Every structure is written in structure tokens, then in C-alpha cells.
Amino acid sequence: MTDARASFGFQDVDPKEKPGLVRGVFDRVASSYDLMNDVMSVGVHRLWKDMAVARLNPQPGERIVDCAGGTGDIAERLAKRARAVKRRRGGPDAEILIIDYNAEMVAAGRARGLSREITWAVGDAQRLPLPDASAEAYVISFGIRNVTDISAALREARRVLKPGGRFLCLEFSRPAAPALRAAYDAYSFNVIPTLGEWVVKDRASYQYLVESIRRFPDQDRFAEMITEAGFKRAGYTNFTGGVAALHHGWAL
């Protein structure tokens, strides 16, 4: 059940309002989304995504849902890795379906001209346009904290996975060491909104970004939520001391 209020950064809003507010954020940043990811993380997000794709280990012939796939940087990595396996072992192409709530992000991704294995759809993580048990894997990268009802999105991920399917979620999280946490907070609140203002002339969207990270459950609580959604063997791996975390679960 959706809570009476939903978080939008540090604000609590009517759940019916949050999708439109989040859509507005990504409408504004879609054209500069990839550039700002590089600027904010000094390119480290690329390493995190490479590690996530290696963990998912996409195979030829698999259907993989890239939820909140944005401009397709995870999907392109998945396609290239599955293609490399196909060259060694043979088999059909993988099918990688990007589903993103924001049409502007999908348009920005399409404009990049990504691999043939990738298809696109505008859709809601809480109501995926897919039948039950129709995918071998599901990945969501830096998107689940923008969902109005995180538990509903997790249940949908579980619904569309086949028995034995694998779930991965790469998301900003909670640094484990107090000193790193303090430094990260200082950087997040003082530098990232300023970078947004300088690079894309949009401070407010990146203020929302850092606030939404703080409102997101910590690693242990989010692992519990994955279990509550019906996944087995849920756990996580911290990246960069917990600045980001890769959570996993199995549809068993």
C-alpha cells in the first residue's frame, strides 16, 4: 500500500503529485544527463556500472529489463557484453528492453543510436507493460529512489522475472565510515547543486538529487525490502565505501 505521503527530496508530497514532479526534473536534465553524471562523479559512475553489468552477466538469448534505463548507458553495456559471449558460444541475440517513465529521457537515448539488441518503451516501474515471468534478468540503475512506491516497484520486478531470474539495483547509498559520510555530505550539498547550476543552469534538479539520496533507505533496510518483495538471498556490495551499493536478489 502506498504511504499517505511520498518523499520528493526533503519534501513530503501527495503520492499523486510525485510522478509529475519527478517527470519535471528529468524533462529538464535529459539532454545533459550523461554529461552531469561524468562531472558529478568524476567518471566513477562508469566503473560502478561496469561492475554491475559484470555481476549481471548477460547471456545470448536472454530478455533483460533495464528499468528506468534513461539514456541507455547500462543497456549498451549489457548488449556489448552479451554480444561478446555470443561470439564465443553462439546463440541468438539478447533482448534488452529499456523501460523509463520519462519520454524525454527515452528520446535522448534513442538519439544516441544504440545497439540492435535494445528496444525502448515509456512505462511505469510500478506497472510494467510485461507479462508475468517473462524476463531472465532485471536491472535498475540510479532510478528506484525516484519511484513513488519503492515496494510496489520491487514487487513488479519480482513479477516479471522467470524462476531463477536475477535482480540487480545500483543506487546511491550510505557511506559506512563516518569520515567518508561527512565528506560525501559536504560534497553533495555544497558542490553538486552548484555544478548543476553551472553546467546545465538547473540548481533545483540537482538539489532534489542529493536530497532524494538522503531519503533513500540504507543498505540493510533496502535489502530487507527486496526480501519482503519476494526475492531470495538478497544482499549488497558497497562501491566506493558505500557511496553507491549494488543490491541483488533471486526469483527462486
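The values are calculated or read from the model by the stated rules, or taken from the named source; none is laboratory data. All of these numbers come straight from a predicted model, not from anything done at the bench. Using ideal geometry, Cβ is built from the backbone for each residue, glycine included, and neighbour counts are taken over all protein chains shown.
Do you know which residues across segment 141-177 are assigned to a loop (DSSP other than H, G, I, E, B) and among the aromatic types (F, W, Y)?
Start the filter on segment 141-177 by keeping residues that are assigned to a loop (DSSP other than H, G, I, E, B), which leaves 142-143, 147-149, 173-177.
Of everything in segment 141-177, just one residue is assigned to a loop (DSSP other than H, G, I, E, B) and among the aromatic types (F, W, Y), namely F142.
Considering every residue within segment 47-56, establish whether at least one is touching a Gly at 6+ places or on another chain (Cβ under 9 Å), at negative phi and not in a strand (DSSP E or B).
So in segment 47-56, the residues touching a Gly at 6+ places or on another chain (Cβ under 9 Å) come out as none.
Within segment 47-56 (the criterion being touching a Gly at 6+ places or on another chain (Cβ under 9 Å), at negative phi and not in a strand (DSSP E or B)), the answer is no, since none of the residues qualifies.
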R23 vs (1) of a type outside the set (S, T, Y); (2) closer than 27 Å to G235 by Cβ; (3) assigned to a helix (DSSP H, G or I); (4) touching a Phe, Trp or Tyr at 6+ places or on another chain (Cβ under 9 Å): all pass except (2)
Exactly one of A137, A177 is touching a strand residue (DSSP E or B) at 6+ places or on another chain (Cβ under 6 Å) and either surrounded by 19 or more Cβ atoms within 10 Å (Cβ to Cβ) or in contact (Cβ under 8 Å) with a residue 40 or more places away in the chain (or both), and that one is A137
Note on P163: of the conditions (1) touching a Gly at 6+ places or on another chain (Cβ under 9 Å); (2) at pLDDT 95 or above, unmet is (1)
For segment 81-103, pairs from a residue that is over 30 Å from V25 (Cα atoms) and assigned to a helix (DSSP H, G or I) to a residue that is at pLDDT 95 or above and of a type in the set (G, A, S), with Cβ under 7 Å and 6 or more apart or across chains, are A82/A94
From the option list R166, R233, single residue qualifying as basic (K, R), in contact (Cβ under 8 Å) with a residue 12 or more places away in the chain, buried (at least 16 other Cβ atoms within 10 Å of the Cβ) and over 24 Å from V42 (Cα atoms) is R166
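Residues checked against (1) surrounded by 15 or more Cβ atoms within 10 Å (Cβ to Cβ); (2) under 27 Å from Q126 (Cβ atoms):
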{"position": "G9", "(1), (2)": "yes, yes"}
{"position": "D12", "(1), (2)": "no, yes"}
{"position": "K18", "(1), (2)": "yes, yes"}
{"position": "V25", "(1), (2)": "yes, yes"}
{"position": "G43", "(1), (2)": "no, no"}
{"position": "L56", "(1), (2)": "yes, yes"}
{"position": "I64", "(1), (2)": "yes, yes"}
**OP:** Look at A107 and say whether it is surrounded by fewer than 18 Cβ atoms within 10 Å (Cβ to Cβ), of a type outside the set (S, T, N, Q), part of a helix (DSSP H, G or I) and free of Cβ contacts under 8 Å to residues at least 12 places away in the same chain.
**Re:** no
